[in-house]
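Q: Got a structure for you, written out below as structure tokens; questions coming shortly.
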Amino acid sequence: MASTEALISDSSATESDMDVDDDPDSAPNIDSAPFSEGEKVLAFHSSLIYEAKVKKIEYRNREWRFFVHYLALFFNSWDEWVGLDRLLKFTEENVQKQQALNQKQSIDKNTKQVRALQIIPKSPNAARVKKRKNDSASKEKGMIPLDKLANIQIPPPLKKQLVDDCDFITHLGKLVKLPRAPNVDEILKKYLGYRLKKDNSIADSVGEILKGLRCYFDKALPAMLLYKSERRQYNEAISVGPPSTVYGAEHLLRLFVKFPELLYYAKIEEETLMELQQELVEFLKFLQKHRSAFFLSTYHAPEDIETSTDK
């Protein structure tokens, strides 16, 4: 059995060590820190590497801590304390690492965005099954909180277009004459050309999102974008080609009403969702700007459509 003196000796040593650890005077001089105040560095944040600036330095719990401001994020609310494992020296070699990592993350995001645009029911029956499941879930868990839905603001002129669209179909019994010109495929190509001209060059993600949007529309139209009175017309018109080559802006706009809930169930990462949401809003602005060229001002009676088709 250890003697009382030995136990006291061990205890004293432990207390001594703790005193040294907590004693501010025992901390290394700030000049010996790996980075200095005001130094430009590269910092890891949310799986990307950003340029940052060291604003404060401290030594705590036997390690250096650095309070950094992310230069590309602008807002001070993103400033935070980080450890050495989150920082790199601002050198040409590390900048190349930053560019390689960020490019890889960008490609991964593009893939996730396109996949998100493809998560839809495969048939009208699947849509009804999903609706029943969602209805049951809503009764048990309640409605989806508004703050959880993607904020895709439809401009007021396009909201009016949706109201007019509903009136023509459900109240006046009219239909959109098919095939439409320009069709959805042509509108998406026009938007891509518009972005290229406006920005000189655009990220690959824009083209990928538009491809996903076209695919999404083709699958979503029969599942959730048609009124009951349009079903027969769809069955006749779809033999001409995929929906994106037959239908136009009127039906494409209906898809944006469904997006907030569909994206909620897609469970997309917040950062990816924000980028996708921003691109969809930009596309809506484009539709609004060219509203007179893309949307019909009046619809047609079914018998007029059949007569024009026969001819």
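The values are calculated or read from the model by the stated rules, or taken from the named source; none is laboratory data. Treat the numbers as computed from the prediction; the structure is a model and nothing was measured. Here the Cβ is made from the backbone with ideal geometry for all residues, glycine too, and neighbour counts use every protein chain on show.
Q: Would you check which residues across the stretch 148-160 are part of a loop (DSSP other than H, G, I, E, B) and more than 16 Å from Leu252 (Cβ to Cβ) and list them? Show your work before the answer.
A: Within the stretch 148-160, the subset part of a loop (DSSP other than H, G, I, E, B) is 149-155.
Selection gives Leu149, Ala150, Asn151, Gln153.
Q: A further question follows. Would you call Leu221 closer than 18 Å to Gln288 by Cβ and not aromatic (Phe, Trp, Tyr)? Let's see the steps before the verdict.
A: On the way: closer than 18 Å to Gln288 by Cβ: no; not aromatic (Phe, Trp, Tyr): yes.
Here the answer is no, as Leu221 does not meet what is asked.
Q: Quick test for you: out of Lys177, Lys160, Lys141, Lys148, pick the one residue that is modelled with pLDDT of 85 or more and over 24 Å from Lys285 (Cβ atoms). Even if it seems obvious, please write down each step before you answer.
A: Numbers: Lys160 fails: over 24 Å from Lys285 (Cβ atoms); Lys141 fails: modelled with pLDDT of 85 or more; Lys148 fails: modelled with pLDDT of 85 or more.
Selected residue: Lys177, the only one of Lys177, Lys160, Lys141, Lys148 that is modelled with pLDDT of 85 or more and over 24 Å from Lys285 (Cβ atoms).
Q: Looking only at the stretch 284-300, which residues are surrounded by 13 or more Cβ atoms within 10 Å (Cβ to Cβ) and either outside the structural domain of Glu208 (by TED's automatic domain parsing) or more than 33 Å from the chain's Cα centre (by Cα) (or both)?
A: Within the stretch 284-300, Tyr299, His300 meet the criteria.
Q: When the residues of the stretch 161-215 are narrowed to those that are without any contact (Cβ under 8 Å) to a residue 24 or more places away in the chain and not in a helix (DSSP H, G or I), which ends up surrounded by the most Cβ atoms within 10 Å (Cβ to Cβ)?
A: Among residues in the stretch 161-215 that are without any contact (Cβ under 8 Å) to a residue 24 or more places away in the chain and not in a helix (DSSP H, G or I), the one surrounded by the most Cβ atoms within 10 Å (Cβ to Cβ) is Ile202.
Q: Within the stretch 80-98, can you find the residues that are farther than 14 Å from His45 by Cα and hydrophobic (A, V, I, L, M, F, W, C)?
A: Phe90, Val95, listed by residue number.
Q: Quick one: is Leu213 out of contact with any Lys or Arg (no Cβ under 9 Å at 6 or more places or on another chain) and assigned by TED's automatic domain parsing to the domain that holds Glu279?
A: Details: out of contact with any Lys or Arg (no Cβ under 9 Å at 6 or more places or on another chain): yes; assigned by TED's automatic domain parsing to the domain that holds Glu279: yes.
Against the criterion (out of contact with any Lys or Arg (no Cβ under 9 Å at 6 or more places or on another chain) and assigned by TED's automatic domain parsing to the domain that holds Glu279), Leu213 qualifies.
Q: Please go through the stretch 186-213 and pick out each residue that is at pLDDT 90 or above and under 16 Å from Phe256 (Cβ atoms). Don't jump to the end; show me each part of the working.
A: In the first step, residues of the stretch 186-213 are kept if they are at pLDDT 90 or above; the result is 186-194.
If the condition is that a residue be at pLDDT 90 or above and under 16 Å from Phe256 (Cβ atoms), then Ile187, Leu188, Tyr191 are the ones that fit.
Q: Could you identify the single residue in Val257, Val206, Val281, Val246 that is in the same structural domain as Lys174 (by TED's automatic domain parsing) and under 17 Å from Ala181 (Cα atoms)? Before the answer, list the steps.
A: On the way: Val257 fails: under 17 Å from Ala181 (Cα atoms); Val206 fails: under 17 Å from Ala181 (Cα atoms); Val281 fails: under 17 Å from Ala181 (Cα atoms).
Among Val257, Val206, Val281, Val246, only Val246 is in the same structural domain as Lys174 (by TED's automatic domain parsing) and under 17 Å from Ala181 (Cα atoms).
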